[in-house]
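Beneath this line is the structure, given in structure tokens, with notes to follow.
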Amino acid sequence: MKRLTSLLCLAVVLLVAQPAGAQHMSLGLGGGTDGVGAELGVALGGHVHLRAGFGMATGLVDITLKNFSVPEHPGLPTGNQVKVPLNVRMGTRTGRLLFNIHPGRGSFYFALGAYVGSPCLFRGTFSELPDDYNTAGFDVDGYLVKASRGELEASVEASGLGPQGFAVKPYAGIGFGRAVCNRKNKEVSFCLDLGVQYQGKPGLWADGTSISGRTKHVQLSDEVLGEFAGKINEYTRYMAFWPSLNFHVHIQLF
């Protein structure tokens with residue numbers, strides 16, 4: 001979160017520090033598949049608009065799968081299966097830095113840039129797990145991932161081109177509208193984006209604890225999960241490229 005805040009602050013400084021002739025700025029509010037959010041837009045000449053903002057979808061999706069299959073014993077992933085409830089919530093929180101490139105004087109544009117921030121896509125809570133999940137758990141490189149009172153929290157995460165723990169997801173798309181008004185005395189405009197983010201292959205992550213008591217966020221590999229990994233991959237294999245559809249209303253600041 002600190003890295004995301006620093007990056008967004010830098011983006012705002014760059015927006016404000018543009019030459020006087022380019023300092024036409026707007027504030028955009030809206031939402032879409034990336035959740036709800038806000039952004040600043042600035043015109044870098046007549047054909048390019050720079051947009052920097054933040055969006056979050058935490059809590060917008062909340063569903064429960066009542067009969068999700070898991071191994072009866074976490075150390076025997078190929079053994080007997082049991083049915084447990086799985087609550088899934090959307091957990092995206094990302095900043096964005098986008099360039100709207102208008103090939104002509106009209107409202108159509110190409111959008112290029114990146115989404116950055118938290119790699120978390122979805123958060124899940126398994127409940128009513130067998131007792132072995134409270135004691136044996138999953139051993140990941142010396143870190144024990146286990147349940148507490150039959151509940152285990154995990155998250156589906158993808159970092160795109162970024163390092164572990166910080167996502168950098170390149171974005172390309174098309175759109176209609178203008179982030180900054182190009183007509184005199186017009187104070188409101190809009191942007192409608194349709195594009196795709198590259199996320200890479202998502203993985204299942206959870207907090208583990210070492211013998212010394214140190215906590216670390218670790219990935220539950222296919223080797224650790226066994227046949228259970230196939231069920232996870234069934235839901236995530238189509239998520240390497242994430243479609244985005246967003247709409248923002250922009251209010252001219254100056």
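When you scan segment 111-130, do you find a residue that is touching a residue at least 24 places away in the same chain (Cβ under 8 Å), part of a strand (DSSP E or B), basic (Lys, Arg) and touching a helix residue (DSSP H, G or I) at 6+ places or on another chain (Cβ under 9 Å), even just one? Quick ask: steps written out before the conclusion?
First, pick out the residues of segment 111-130 that are touching a residue at least 24 places away in the same chain (Cβ under 8 Å): 111-130.
From the residues that got through so far, the ones that are part of a strand (DSSP E or B) too are 111-117, 120-126.
In the following step, the residues that additionally are basic (Lys, Arg) were identified as 123.
Those still in the list that are touching a helix residue (DSSP H, G or I) at 6+ places or on another chain (Cβ under 9 Å) too: none.
Scanning segment 111-130 turns up no residue that is touching a residue at least 24 places away in the same chain (Cβ under 8 Å), part of a strand (DSSP E or B), basic (Lys, Arg) and touching a helix residue (DSSP H, G or I) at 6+ places or on another chain (Cβ under 9 Å).
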Query raised in the report: Can we say ARG96 is under 17 Å from HIS248 (Cα atoms), touching a Cys at 6+ places or on another chain (Cβ under 8 Å) and modelled with pLDDT of 80 or more?
Result: no
Query raised in the report: From the residues in segment 172-181 that are out of contact with any Gly (no Cβ under 7 Å at 6 or more places or on another chain) and assigned to a loop (DSSP other than H, G, I, E, B), which one is modelled with the lowest pLDDT?
Result: CYS181
Report summary line: Out of (1) farther than 29 Å from TRP242 by Cβ; (2) modelled with pLDDT under 90; (3) surrounded by fewer than 18 Cβ atoms within 10 Å (Cβ to Cβ), the one GLU128 does not meet is (2)
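Which ranges mark the strands (runs of 3 or more DSSP E) fully within segment 6-61 that have 1 or more residues being assigned by TED's automatic domain parsing to the domain that holds VAL188, in contact with a Pro (Cβ under 9 Å, 6 or more places away or on another chain) and at pLDDT below 90?
Ranges flagged: none.
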Query raised in the report: So, in segment 131-144, of the ones that are assigned to a strand (DSSP E or B) and at pLDDT below 90, which residue ends up surrounded by the fewest Cβ atoms within 10 Å (Cβ to Cβ)?
Result: ASP139
Requested in this report: Return the residue satisfying two criteria in turn: it lies in segment 71-107 and is buried (at least 17 other Cβ atoms within 10 Å of the Cβ) and over 26 Å from the mean Cα position of the chain (by Cα), and of such residues it is nearest to PHE247 (Cα to Cα).
Outcome: HIS102
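Is there a residue being in a strand (DSSP E or B), aromatic (Phe, Trp, Tyr) and touching a residue at least 12 places away in the same chain (Cβ under 8 Å) anywhere in segment 150-171?
So the first thing to find is which residues in segment 150-171 are in a strand (DSSP E or B), and the list is 151-157, 160, 167-171.
In the following step, the residues that additionally are aromatic (Phe, Trp, Tyr) were identified as 171.
Filter once more, so that each one left must be touching a residue at least 12 places away in the same chain (Cβ under 8 Å): 171.
Within segment 150-171, one or more residues are in a strand (DSSP E or B), aromatic (Phe, Trp, Tyr) and touching a residue at least 12 places away in the same chain (Cβ under 8 Å).
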Query raised in the report: Is it true that SER155 is surrounded by 20 or more Cβ atoms within 10 Å (Cβ to Cβ) and more than 30 Å from PRO103 (Cβ to Cβ)?
Result: yes
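The values are calculated or read from the model by the stated rules, or taken from the named source; none is laboratory data. Please read these numbers as outputs of a predicted model, since none were measured by experiment. Here the Cβ is made from the backbone with ideal geometry for all residues, glycine too, and neighbour counts use every protein chain on show.
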